[in-house]
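The values are calculated or read from the model by the stated rules, or taken from the named source; none is laboratory data. Since the model is a prediction, treat every value here as computed from it, not as a measurement. Here Cβ is always computed from backbone atoms with ideal geometry, including for glycine, and neighbour counts include all displayed protein chains.
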Amino acid sequence: MKEKIVYWLTGSQTLYGDEVLAHVAQHSQEMADYVNASMPVTVKYLTTCKSSEEIVAAIRKVNEDDDCVGVIAWCHTFSPAKMWIKGLKLLTKPLCHFATQYNERLPYDTIDMDFMNENQSAHGDREFGYILARLRMDNKVIVGYYKDPEALRELAEWCKAAAGFAFSKNVKVCRFSDNMRNVAVTEGDKVEAHIGLGWEVDYYPVGELVDRIGEVTEEEVDRLMAEYAEKYIMDTDRVDVVREQARYEIAIDGFCRENGGYIGIVDHFGTLHGMNQLPGLAIQDLQSKGYGFGAEGDWKIAALGAVMQYMAGQEGTGLMEDYTYDLKDGLCLGAHMLEVSPQFAATKPKIQVHPLGIGGKSDPARLVFEGIAAPEAVAVSMIDMGDRLRLIVQKIELVKYPHKMPKLPVGGLMWKYRPNFKDGVAAWIYAGGAHHTVVSSKLTVQNMVDLGNMWGVEVVVIDEHTELETFKKELLWADRIWKSKL
Ligand code: MN
């Protein structure tokens, strides 16, 4: 992600003379360099903007640079904002207005009008903010001293979302199945997702994958088996069953690369004609390498998973399914029939072979492990409301398994809901959140809200501040607003 660039633009004007402008440029360079050190992307000072022509030229550079994922702008001096209009109307990348200042404190003993004119962000950032509001820019505003850890954390979260937003525009999902019959929540408008989020979702008959599986060589399988032996504990003597999964993994990975770079994979246990097992271990290992995965035809979760994996640096992120509750302790056990990512493993995953009562196939190999604990994680769902997409983001706490579950033959996670079990679950259900989610212990609610705002989808948050009756009203109001937008 550090290869991605966020350009730093400073607003000023010529009124205060060359000496002031030299200071403005020098300070901006210094500030951008300082900020860069703690950002997941590279922050580069681009220029000081003093005229409409300069701003148009700067925005053209921002738009045309394929590595650039966004812009940070602020005003060192007063910066008349009519000159920003033409440039801002051309901007195609996310904008963060960082309302900051070069100096943290006022120089109380020496302050005079020269200092006031050179350092007037409070003044300039309001003029700039007006034109952003007037242009309905959907920009982010972050306030604080540029060395303040809290402001830097917010900025880093936004930069990560901006990189995710750019990544999203190139996400391609390969689906070997349509959605599971009769299931509603995994459905959605693929054309709308392509227009709004950049997701390209293509279907291939599973027979083409079965052909590709037939082309995998024994040498290729040997190599992947050696990789498995290093990463996992071989806890079965049914080696042929495991080799079959290795064959699936090589074929799926090869198919995705050879057909145009798919980073999301979708299958469905009911439509794998020609395969002996459900892909379990294969999909788990592919998720550990950055693929997004959606089960039962769920292409939205495959694409969302790919984007979130990228943002999370391929750690602690993957498909999850709200499965079953411990109502006494207010916990949820999440898992899937097989395909839980080893990125969630707290214990070294064991490769085991067990029967599977679903899908009518032979016993599949899968990774079995206990899930990680993390005080703050997110569970994210994307649903199609018919007239827009709704991104639902819930703060959860991943907890250690309170008891051993020796007969559980899959990887899993256990968590507590925010704000509490009752209201957290009710809010999720009122919002229409799906059973399939992408969970991440490496991303924050703010990451996902920033990303959702960049996408321009409806964003619903359930966290420690959620009050159920207010939340229900917010859903009602949002519905009226989104309907009037059409
Ligand atoms: Mn499922």
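Odds and ends about this structure:
- Only a single item in (1) touching a Ser or Thr at 6+ places or on another chain (Cβ under 8 Å); (2) surrounded by 20 or more Cβ atoms within 10 Å (Cβ to Cβ) is not met by GLU370, and it is number (2).
- Count of the stretch 169-205 residues, restricted to those that are over 13 Å from CYS256 (Cα atoms) and of a type in the set (Val, Ile, Thr), is 5.
- Residue within the stretch 53-61 that is at pLDDT 95 or above, surrounded by 13 or more Cβ atoms within 10 Å (Cβ to Cβ) and in contact with a Pro (Cβ under 7 Å, 6 or more places away or on another chain) present: no
- First in the stretch 187-203 and hydroxyl-bearing (Ser, Thr, Tyr), second anywhere and in a strand (DSSP E or B), Cβ under 8 Å, 6 or more apart: TYR203/ARG175
- When GLY305, GLY316, GLY334 are checked against the criterion of being touching a Lys or Arg at 6+ places or on another chain (Cβ under 6 Å) and under 27 Å from ILE429 (Cβ atoms), GLY316 stands alone in meeting it.
- Hits in the stretch 298-320 - residues which are crowded, with 24+ Cβ neighbours inside 10 Å and either within 10 Å of the ligand (Cβ to nearest atom) or of a type in the set (S, T, N, Q) (or both): ASP298, ILE301, GLN309, THR317, LEU319, MET320
- LYS44 vs. criteria surrounded by fewer than 20 Cβ atoms within 10 Å (Cβ to Cβ) and under 21 Å from GLY70 (Cβ atoms): yes
- Unmet requirement for LEU152, which otherwise passes all of (1) closer than 16 Å to VAL71 by Cα; (2) in contact (Cβ under 8 Å) with a residue 60 or more places away in the chain; (3) part of a loop (DSSP other than H, G, I, E, B): (3)
- Checking the stated criteria, GLY424 turns out not to satisfy the condition of being in contact with a strand residue (DSSP E or B) (Cβ under 8 Å, 6 or more places away or on another chain), at pLDDT 95 or above, within 16 Å of the ligand (Cβ to nearest atom) and outside any strand (DSSP E or B).
- Checking the stretch 128-139 against the condition returns no match, with no residue being out of contact with any strand residue (DSSP E or B) (no Cβ under 9 Å at 6 or more places or on another chain), in the same structural domain as ILE265 (by TED's automatic domain parsing) and touching a residue at least 24 places away in the same chain (Cβ under 8 Å).
- Out of VAL173, VAL183, VAL210, VAL216, sole residue that is in contact (Cβ under 8 Å) with a residue 60 or more places away in the chain, among the aliphatic types (A, V, I, L, M) and part of a loop (DSSP other than H, G, I, E, B): VAL183
- Between LYS407, LYS395, LYS361, LYS442, the distinction of being in the same structural domain as LEU331 (by TED's automatic domain parsing), within 15 Å of the chain's Cα centre (by Cα) and assigned to a loop (DSSP other than H, G, I, E, B) belongs to LYS442 only.
- The stretch 114-138, residues that are more than 20 Å from ALA25 (Cα to Cα) and either among the hydrophobic types (A, V, I, L, M, F, W, C) or in contact with a His (Cβ under 9 Å, 6 or more places away or on another chain) (or both): GLY129, ILE131, LEU132, ALA133, LEU135, MET137
- Of the residues making up the stretch 429-438, those that are buried (at least 19 other Cβ atoms within 10 Å of the Cβ) and within 16 Å of the ligand (Cβ to nearest atom) are GLY433, ALA434, HIS436, THR437, VAL438.
- Among the residues of the stretch 326-358, just one is under 23 Å from the mean Cα position of the chain (by Cα), polar (S, T, N, Q) and away from the ligand (no atom under 16 Å from the Cβ), namely GLN343.
- Criterion applied to ALA251, ALA246 was being in contact with a Lys or Arg (Cβ under 6 Å, 6 or more places away or on another chain), part of a helix (DSSP H, G or I) and without any contact (Cβ under 8 Å) to a residue 60 or more places away in the chain, and the one residue passing it is ALA251.
- Some residue of the stretch 439-462 being in contact with a helix residue (DSSP H, G or I) (Cβ under 9 Å, 6 or more places away or on another chain), in contact (Cβ under 8 Å) with a residue 40 or more places away in the chain and within 16 Å of the ligand (Cβ to nearest atom): yes
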